[in-house]
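The values are calculated or read from the model by the stated rules, or taken from the named source; none is laboratory data. Bear in mind the structure is a predicted one, so any value in this text is a computation, not a measurement. Quick reminder, even Gly has a Cβ in these numbers, built from the backbone with ideal geometry, and neighbours come from all protein chains shown. Protein only, heavy atoms only, side chains kept; ligands, DNA and RNA dropped before computing areas. Shrake-Rupley method; radii C 1.70, N 1.55, O 1.52, S 1.80 Å.
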Amino acid sequence: MGKRVNAILVGGMLIFMQSLFHSCSWNAKQDIDIKYGVRDAVNQVSSLNLQKEISSVSYVPLETTNDDESLIDGVLDYAVTENHIYILPAKEARVVLFDRNGHFVKTLIREGQGPEEFSGLLFGIQAVEASDRLYLYGNMVWEYTLDGTFIKSYPQKAPMIYERRIGEELFAAVAMPFTPFATNSFGLGVFDKEGNLLFNKNNFYSDLLEKEKTGFTVNMAMALSDAGNSVLFKLGSNDTVFRITPDSIKAACILDLQNSNEEIVRSLNITDFSDMLGERRSGHEIFVQDLFETSRCYYLRCRYNQAFYVISLNKENKEILVEKCEQPGTLKEMGDVTLQHGMLGSRSFQNFPIWGRTQGDELIQIITPSELALYREKCNIEVPKALSNIDEDSNPIFIFYKLKKE
């Protein structure tokens with residue numbers, strides 16, 4: 001995964017590094033006090049309580065047909081509706097459509113210069129079913145109906161690495177890494193459909209580093225949450241998990257990570273490219289790689305002590321549970337099979353590693369045949385019977401976990 005993420009970031013910077021604009025800085029209020037003692041809990045390994053969150057599971061292998069366009073070599077991003085699955089392949093510039101049973105439908109949208117096509121590198125896709133809209137995010141935003149009919153496109157006015165619609169014609173965004181805050185980069189912000197910045201937060205400074213060297217590096221995590229109405233964001237140098245909503249940027253919760261000064265600087269110093277992937281990070285640091293939330297808990301997947309851990313933070317009783325992931329190989333071996341969306345997760349439901357992202361009442365996970373093979377060869381993990389016949393030439397598999405209602 002490391003090599004691919006690095007390539008994506010470098011490619012994105014080539015497209016997005018354009019002249020920056022002047023914007024007003026807006027400071028988020030730390031107006032809540034939901035603090036979790038993650039540092040004290042991280043060495044008390046047990047198991048999470050995902051079995052309390054999930055009522056059922058369904059497995060949906062994406063079909064391969066005689067049509068070469070049905071073949072998917074890795075998933076860069078995806079969107080799911082009640083009836084369809086939309087795929088951005090990792091190595092191809094197109095949007096591929098499958099139904100919710102995994103049957104291949106067609107290539108829905110292609111790259112090109114035609115009236116229905118997009119151009120340039122994409123970094124994300126989002127379906128908003130209630131509005132019959134499909135958004136493609138890159139150096140521009142392309143807006144389509146869910147059946148692939150082009151509506152309009154509009155340019156970005158700032159370099160960004162992540163963007164999602166969170167309200168009627170409102171978009172939350174995260175600035176492109178290695179752009180200095182001191183030049184009035186937006187950091188985190190909310191934009192309107194014309195690309196105008198409505199409010200932002202870019203005061204992620206530290207006394208340990210000069211302001212002109214400070215910006216986002218690759219040490220951050222973000223996730224769409226609350227059925228598309230907010231974005232969660234975690235920066236490596238800060239213990240706060242922020243929530244971006246249509247009208248605010250506020251703290252969702254605060255982690256007591258107690259990371260070193262070196263980790264803080266690593267996450268902010270945009271002039272140091274010597275360890276972009278944190279390979280020299282000491283085992284003592286707790287690095288939040290990605291996250292999601294349910295109505296009951298926040299879930300974090302972290303690097304710590306030369307291994308991966310998943311951590312749940314109960315919103316009601318503040319209970320912290322920590323589980324060490326089953327690691328089937330070295331980081332290089334895992335990167336080679338693209339462990340971006342799944343695996344290396346909690347085994348607290350049916351003993352199979354779970355990680356993903358939430359949408360409505362579902363937790364959605366993607367695994368690849370190569371991931372399954374790595375687990376079969378390297379770990380004592382039983383692959384679900386529904387996936388026992390998946391061979392390494394197959395397409396990725398979607399797993400849908402139905403979440404219990406409160």
Along Cα→Cβ, 7 Å out, is where each label goes; now give me the distance between the ones at Asn101 and Ser153 in nm to one decimal.
3.5 nm
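I need the calculated FRET efficiency for the pair Ser295 and Ala130, taking r as the beta carbon distance and R₀ as 25 Å, to the nearest 0.05.
For Ser295 and Ala130, the calculated efficiency is 0.80.
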Give me a comma-separated list of calculated 3J(HN,Hα) values for segment 347-363, in order, Karplus coefficients 6.51, -1.76, 1.60 applied at θ = phi - 60°, integers in Hz, x for any Gly or Pro.
9, 7, 9, 6, 6, 10, x, 10, 8, x, 9, 9, 8, x, 9, 10, 9
With each label point set 7 Å from Cα along the Cα-Cβ vector, what nm distance links Leu121 and Ala227?
3.5 nm
Where does segment 122-270 land on the Kirkwood hydrodynamic radius, alpha-carbon pairs, in angstrom?
15.9 Å
To the nearest Å², the heavy-atom accessible area per residue of the chain with 1.4 Å probe amounts to 42 Å²
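Largest first and in whole Å, give the semi-axes of the chain's equivalent ellipsoid, each being the square root of 5 times a Cα gyration tensor eigenvalue. Before the final figure, lay out each step's value.
On the way: eigenvalues 176, 156, 81 Å².
Each semi-axis is √(5λ); the values are 30, 28, 20 Å.
Using 0.36 nm per residue of separation minus the Cα-Cα distance, give me the extension gain between Asn66 and Arg280 in nm, one decimal.
Values: separation 214, 0.36 × 214 = 77.04 nm, distance 4.57 nm.
Residue separation times 0.36 nm, minus the Cα-Cα distance, leaves 72.5 nm.
Tell me, what is the FRET efficiency for Thr183 and Ser388 to the nearest 0.05, using R0 = 56 angstrom and their Cβ-Cβ distance as r? Spell out each step's value before the answer.
Details: r = 54 Å, r/R0 = 0.97.
Result of the calculation: an efficiency of 0.55.
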Per-residue ellipticity at 222 nm for the chain, helices alone: DSSP H runs ≥ 4 residues times -39500 (n - 2.57), over residue total, nearest 500 deg cm²/dmol?
-2500 deg cm²/dmol
Calculate the spin-label point distance for Lys402 paired with Ser47, positioning each point 7 Å from the Cα along the beta-carbon direction, and give it in nanometres.
2.3 nm
Expressed as a rounded percentage, what relative contact order does the chain have, with Cα pairs under 8 Å and six or more residues apart?
18 percent
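Just the number: Rg to Rh for segment 250-334, Cα atoms, Kirkwood Rh, two decimals.
Working: Rg = 14.4 Å, Rh = 14.5 Å.
Checking Rg against Rh, the ratio lands at 0.99.
With the cut-off at 25 Å, tell me which of the pairs Lys106/Lys385; Lys157/Lys211; Lys35/Lys211; Lys35/Lys201; Lys213/Lys324 have Cα atoms farther apart than that.
On the way: Lys106/Lys385 29 Å; Lys157/Lys211 23 Å; Lys35/Lys211 27 Å; Lys35/Lys201 21 Å; Lys213/Lys324 35 Å.
Pairs exceeding the cut-off: Lys106/Lys385; Lys35/Lys211; Lys213/Lys324.
Express the carbon and sulfur contribution to the solvent-accessible surface of segment 316-369 as a percent, rounded to the nearest whole number, probe 1.4 angstrom. Write down the numbers at each step before the final one.
Values: 940 of 2110 Å².
The value for segment 316-369 is 44 percent carbon and sulfur by accessible area.
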Just to confirm my numbers, what's the Cα centroid distance between segment 135-193 and segment 215-252 in Å?
15 Å
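Summing +1 for each Lys or Arg and -1 for each Asp or Glu, what net charge is found among the other residues whose Cβ lies under 15 Å from the Cβ of Asn184?
Values: positive: Lys157, Lys201, Lys211; negative: Glu212.
Within the 15 Å Cβ shell, the charges total +2.
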Starting from 0.36 nm per residue, how many nanometres of slack lie between Ile34 and Asp73 once their C-alpha separation is accounted for?
9.9 nm
